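Reading through the structure tokens given below for one structure.
None of the figures in this text is laboratory data; all of them are computed from the coordinates on show. Please read all numbers here as calculations on a predicted model, not as lab measurements. All Cβ positions, even for glycine, are placed from backbone atoms using ideal geometry, and neighbour counts span all protein chains on display.
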Amino acid sequence: MVSTNYLDHACQIRSPHEPVYPQVRSLVSPDYHRIICEFNAPDAEALRESYRHLGINFDQLWLAEVYEAT
């Protein structure tokens with residue numbers, strides 16, 4: 001289950017080298033068991049490194065593009 005404390009830490013990431021990766025938004029499942037955090041970061045590996053450094057567990061982390069309806 002995703003706790004408020006987890007959301008506070010997982011969605012405000014700093015890398016070991018101190019750049020800030022701004023969080024764009026978070027999506028949380030109705031049962032609070034899954035979360036998707038969207039970041040503005042240079043690449044997926046930078047976020048993986050930050051999560052590992054901070055000891056935050058994650059199932060998957062991937063690059064994505066946003067497609068908006070026109």
Legend entry - Under 5 Å, built H, 5+ apart or other chain: amide partners of residue 21: 13, 15
Legend entry - Residues in the stretch 32-47 reached by a label modelled at residue 63 [backbone nitrogen below 13 Å; 7 Å Cα→Cβ]: 41-47
Inset, instruction - Per residue of the stretch 60-70, in order, report the coupling 6.51 cos²θ - 1.76 cosθ + 1.60 (Karplus, θ = phi - 60°) as ³J(HN,Hα) in whole Hz, putting x for Gly and Pro. - result: 9, 9, 9, 7, 8, 10, 8, 10, 10, 5, 9
Legend entry - Amide proton proximity set for residue 39, modelled H, under 5 Å, gap of 5+: 24
Inset, instruction - List, in order, the whole-Hz ³J(HN,Hα) value for each residue of the stretch 44-55 obtained from phi through the Karplus relation with A = 6.51, B = -1.76, C = 1.60 and θ = phi - 60°; use x for Gly and Pro. - result: 5, 5, 4, 5, 4, 4, 5, 4, 4, 4, 8, x
Inset, instruction - Could you order peptides 30-40, 44-54, 60-70 by the average number of other Cβ atoms within 10 Å of their residues, highest first? - result: 44-54, 30-40, 60-70
